[in-house]
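Here is the structure we will look at.
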Amino acid sequence: MALNVPGLVVMAVFYLLVLGTGIWASMRSKKVEKKCSGDGMEITLLAGRNINLLVGIFTLTATWVGGGFILGIAEATYNPTLGAVWALMPVPYVLTFFLGGFFFAKPMRENQYMTMMDPFQRKYGNVLSSALIFPALVADVLWVARTLVSLGGTMSVILDLPYAYSIIISSVVAIVYTLLGGLYSVAYTDVIQLILIFVSLWVCVPFLLTNPHSVDISLTAYNETFQAPWVGTIEHNEAGKWFDDFMLLALGGLAYQAFYQRILSASSYTQAQVTCFASSAFCLVLGIPSVLVGAVAASTDWNSTSYGLPTPYERGQVGSILPVALQYLTPVYISVVGIGAVAAAVMSSMDSALLSSASLFSSNIYKNIIRKQASDYEMQWVIRISVVVVGLVGTGLTFLDNSVLVFWLVGVDMSYTIMFPQLVCILFFKVSNGYGASVGYIIGLVMRVLSGEPLIGLPPAIRFPGCRLDKEGKLTQFFPIRTTIMVMSLMSILLFSWLASLLFNKGLLSEKWDVFDINRKQKAAARAPIVKKANTREDPSVEKQLMDTTSC
């Protein structure tokens, strides 16, 4: 197969368009920074808390609709051991955005936090919050890796471009425009990228559905005579794992800094809510084309195509089924359009992960712990260096494993089992303190490691009910272990927080052992005057005042 020169030209034009948008956005960012009296760090990380509503919707949607989203859905739908019922991403994300809008947006936005970790740092102190930042940073690095893996595999199939070149070029472009303008560059390039994702995917769908090598997908949805039915089934003994995966995707996303970066950049709580609700609808619509791609691939007689036999599943190319289908079931110019969608999806998620991790390190570690007296100029350089480091580490990880779902699930897994219960407790339960958080963190981490993970070859030391070999011969937990561990961690935080508070308040333990100083903090909170908060949703004048203090 020769190098696809027209495809390379199209991709070069796309990258130049994205880079140009990023440069324009960086110029806008500098103008806002000169105009505003606020610090440059807030403008870089949160766009001055004055992001446009439509841009906010686009950037939140684009963050979740990444390469793993597009390729992962097609992969699950095509995989004869899974099927469309296991292509869970779009529906749980609707729940993510609705829960985020209804419950999490208000306490985060009204307290004017800079990052997701601010409430931890304010209540628990620097030592414990630093330990809690670690899984969040690891999840972001894995996010960068999985988005690049999806693009590298797609480019190598359609353009016949070496895997390493695809990864490095895309990584450099994303790092450069993220460096230039921070959230402004990320948000405005996301607008271009999301439009390209939507148009490109839906342009490819008619050509795939009408190609002469595939049977009507309505006939193969449940029919096992041709191949495994692409709709798939959920066996009774697999229901626990399906529920676990659903909850993982629905709640795990609520513990990502990238989500709160969009919430905190909104000019008001109401705008943050609207952003969440609108994005949920976009996620559903953008998930449909990938399901159709997987369905067409499962309904194709590959022996009648130039791909031949064995099938992509038998060759171990399930993770690359979307580019394979585009390459062999659509005209060349359409396959190039399809790769544009994947490239746009990858860039839109990668830049979010880069800025997310840079926010956590620069704000919560460097500014609050390492150098509290750091100037605004110094912080700008810390943010830039953080972006580059995370980008390089994530890029390096792509050469270790080329499965899209591995990095996807491991990253979200850490957010769900470790960070989500911590976030719920810090935001909604006043009883939570450093002692409970420490115990919950340890229990969540230890239990998750001991439960094993077949995706990374980690055997289970603890076997829950239903633990057995899966269809691929891997020892798998079919019990909802991650949800169980999440609940165990959450209950541990509350229980041990209450016990610690009781022991110190009753004098059963000396205050000199109170390393988290919870007794003094509780007394200080009790003496503090009660200030009635204005209802900004009902009082437009108050909301305007808040907007004036947080944006230009």
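Read-outs: derived from the displayed coordinates by stated rules, not from any lab. Computed from a predicted model, the values in this text were never measured in an experiment. Cβ coordinates were reconstructed from backbone atoms using ideal geometry, including for glycine residues, and neighbour counts include every protein chain displayed.
Brief remarks on what is shown
- Spherically averaged projected area of the convex hull of Cα atoms, the chain: 26.1 nm².
- GluC sites (Glu not before Pro), loop per DSSP, at most 13 other Cβ atoms within 10 Å - longest free stretch of the chain: 1-223
- Between Thr210 and Val389, the simple label model (points 7 Å from Cα in the Cβ direction) yields a spacing of 5.4 nm.
- In degrees, nearest ten, helix 67-78 long axis to first principal axis of the chain (Cα): 50 degrees
- Amide H contacts of Glu453: Leu458, each under 5 Å away and 5 or more positions distant or on a separate chain (H built 1.01 Å from N in the peptide plane; Pro and chain starts excluded).
- The long axis of helix 481-505 is offset from the longest Cα principal axis of the chain by roughly 0 degrees.
- Links that overshoot a 24 Å alpha carbon limit, given the list Lys123/Lys372; Lys241/Lys430; Lys372/Lys506: Lys241/Lys430; Lys372/Lys506
- Potential lengthening between Val13 and Val446 on full extension [0.36 nm per residue; Cα-Cα distance subtracted]: 151.1 nm
- The trypsin sites (Lys or Arg not before Pro) of region 449-500 include none that DSSP puts in a loop with a beta carbon having at most 10 other beta carbons within 10 Å.
- Length gained when the stretch Phe134-Glu472 is fully extended (0.36 nm per residue, less Cα-Cα span): 118.4 nm
- Fully extending the segment from Phe103 to Asp160 would add 15.9 nm, taking 0.36 nm per residue of separation and subtracting the current Cα-Cα distance.
- Helix 404-414 vs. the chain, principal-axis angle (Cα, 0 to 90°, nearest 10): 20 degrees
- Region 289-370 shape via C-alpha gyration tensor axes, a/c threshold 1.5: prolate
- Counting neighbouring beta carbons within 10 Å and listing from fewest to most, the residues Ile518, Ile197, Ile443 come out as Ile443, Ile518, Ile197.
- The chain: calculated mean residue ellipticity at 222 nm from DSSP helix runs of at least 4, using -39500 (n - 2.57): -22000 deg cm²/dmol
- Counting only Cα atoms, region 237-358 measures 56, 43, 27 Å along its principal axes, largest extent leading.
- Residues Thr300, Thr305 arranged by fewest to most Cβ contacts within 10 Å: Thr305, Thr300
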